[in-house]
Every structure is written in C-alpha cells, then in structure tokens.
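Peer 1: After the structure tokens below, expect a handful of questions from me.
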Amino acid sequence: MRTMSGFDDAPTPLDSDLTVLHRAYLESIRQHRALMGDLCATLSRLADVLDTSGLDPTARSAIADGIDRHVNQAMAIVADIDHALTRAAVTRPLGRH
C-alpha cells in the first residue's frame, strides 16, 4: 500500500538498501536546496543592512567576503552531492533503482 508520500511504509523485496538510502539522500538534497534559498534571501537582506550600517567600507567588505566564501562553499557541497546522486541514478539499471 502506498502512503501519501508515494512510497511504501516498508521496503518491498524489490527495494534494496541502496534504493531506500538514495530516496533519503534525494529528500535531503531538496531540503538543502530550500535551506540555501532561504539563506540567500537572508543574506541579501543582511547585505542591505550592511550597506546602511555606517560601518567602515573595509569592515563591510571583509564581512561580505567572509559570507560569500561560506555561501559558495555550501552551494558547492550541495552541488557535489546532487551531481554524485544524479550520476549514480543514471548508471544504475532501472530495475534496481
């Protein structure tokens, strides 16, 4: 019987541990993408605050550069996971995926 999520409550004999794990990773990627979207929106608002804060331009630039490095690193990690999962999905036989 299918649940509202579209997945059975328990794996069927056709579901391997890898398939179940893959589904969990895909859900994790969706959640990370949503988190990154929220983070980018928050950082955009933070940039507006920094611009009007009266901080020294050098201090504003250092803060912005640090934030950019962290965001870029987080985005790269999510992209790497997404790429690895996509490659794994494409290279596995459909009957086992």
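All of the numbers you see were taken from the coordinates with simple rules; none came from a lab. These numbers were taken from a predicted model, which means no experiment stands behind them. All Cβ positions, even for glycine, are placed from backbone atoms using ideal geometry, and neighbour counts span all protein chains on display.
Peer 1: Could you give the Stokes-Einstein D for region 17-91 in µm² per second, using the C-alpha Kirkwood radius, 20 °C, 1.002 mPa s? Write out the running numbers ahead of the final one.
Peer 2: Numbers: Rh = 14.4 Å.
Value of D from the Cα-based Kirkwood radius: 149 µm²/s.
Peer 1: Okay, next question. Please give, to one decimal in nm, the separation of the simple spin-label points placed at Arg87 and Asn72, each 7 Å out from Cα toward the Cβ.
Peer 2: Here the answer is 2.3 nm between the modelled labels.
Peer 1: Also: Taking the simple approach of a point 7 Å from Cα along Cα-to-Cβ for both Ala59 and Leu26, what is their distance in nm?
Peer 2: The modelled label-to-label distance comes out at 4.9 nm.
Peer 1: What ranking of Arg60, Arg87 emerges when the number of other C-beta atoms within 10 Å of each C-beta is taken as an exposure proxy, fewest first?
Peer 2: Arg87, Arg60
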